[in-house]
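Bear in mind these aren't lab numbers, they're just calculated from the coordinates by the rules spelled out. Every value quoted in this text rests on a predicted model; they were computed, and no experiment measured them. As a convention, Cβ positions derive from the backbone with ideal geometry for all residues, glycine included, and neighbour counts pool all protein chains shown.
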């Protein structure tokens, strides 16, 4: 009797050994056993994996609303019994999961993520944003268009105030007669070292260098812009295109032309002819008599915005179109025309985010691919891009939101803050802060929202 019992136990042990070995081997090979009755071919399922990395790390991982517990780590410490980023979650059945990351002091990140047999779904560019309240740093308003190119200074030309965003410190100057073109009276040099404000050259780092140029630069200017050397101001007056050297205080007529709008960049003059013939002209600064022309569609609202990523960007503000024009002397070529656009911002060298009143899109110029990121019922008042994450920030009159879209995932929108009034947002402070004119309760002024 004892011998029979031993044989039964021996055979049960052998069966258990092979069953356990089969389970361990299949698990190690990325398969999962789904027990069912009656048995079928779907009992052995090839699984997938999710790899998660976040900035900052240490966020707790939830799948379909449940935190994922690590059995091995749970034995060592109850504080680390749940998966935290960076994490590699194995042996997941192929399907769509809702992945959520939570970390104290940060907005929750949540996305739909697809898992596929034998594949790793990697989401390695997750940026978590701090859940902070806005802090008022000035009682005065400052317009986004008056922010320096390096985003370290902003000027209120009417009050004669320079706000140092890094040090949160105010310096002043005496406001004088303004040169206003399209409502703009502050024109920063490309290096952010100085600004033309009215008929003054303002140095934000050293007010002792401030220079009054009243009487040297005419006040009846139609358009104005800095040269790449940061010491030459170009301007249009009557039928002539001119230069002004801020060091020698000398003006010079460069060419007899009537331009409605121009841009000086990379050794070229790009200009829209002001004679009503809608011609785009390009002239080398060292040989202004040489001209290359291209006919533009009929409109009275052209504005040359910038020459960036080898593309000339021209806004048609009358019809809300953006023309991206590739210029390689002596040929112009329209690379892309974006219609129904009110705001735009470069995401990287190949992608542009843009918006109209109710939609936010992006276009990948290399792939010639357009993506709709969001369609909302509230009117969009402006957009910006968080350079670190490449996520799009947009605002309405009451709130600021950021669009999270990682590769291989769906879009989610995080509300960063809600106020009585929001306007003029821009990202600065080494990508850590959002600045905006706003109102919380009865408190109005310039606010800072720390997000990193």
*What number, rounded to the nearest 500 deg cm²/dmol, is the helix-based mean residue ellipticity at 222 nm of the chain, given -39500 (n - 2.57) per DSSP H run of at least four residues and division by all its residues?*
-2500 deg cm²/dmol
*Would you mind checking the radius of gyration and Dmax of the chain based on alpha-carbon positions, in Å?*
30.2, 120
_Order these by the 10 Å Cβ neighbour count, fewest first: 52, 372._
372, 52
_17 Å tail of the calculated P(r), the range 48-127, as % of Cα pairs_ = 42 percent
_Please compute the Kirkwood hydrodynamic radius of the range 224-354 from all pairs of different C-alpha atoms, in Å with one decimal._
15.4 Å
*Contact order relative to length of the range 48-127, as percent, for alpha carbon pairs under 8 angstrom and 6 or more apart*: 44 percent
*Going highest first, how would you order 229-240, 282-293, 351-362 by mean Cβ packing within 10 Å?*
351-362, 229-240, 282-293
*Hey, can you rank 373-381, 263-271 by average C-beta count inside 10 Å, highest first?*
263-271, 373-381
_Normalised contact order of the chain, rounded percent, pairs of Cα under 8 Å and 6 or more residues apart_ = 10 percent
*asked:* What is the angle, in °, between the Cα long axis of helix 2-28 and the longest principal axis of the Cα atoms in the chain? Nearest 10 is fine, range 0 to 90.
replied: 10 degrees
*Using 1/(1 + (r/R0)^6) with R0 = 45 angstrom and r between the beta carbons of residue 252 and residue 53, what's the FRET efficiency to the nearest 0.05?*
0.20
*Share, in percent, of DSSP beta bridges within the chain that are antiparallel, nearest 5*: 95 percent
_Computed label-point distance, nm, for sites residue 184 and residue 293 using a 7 Å Cα→Cβ extension_ = 2.7 nm
*In whole percent, what relative contact order does the range 278-362 give with Cα contacts below 8 Å and a gap of six or more residues?*
16 percent
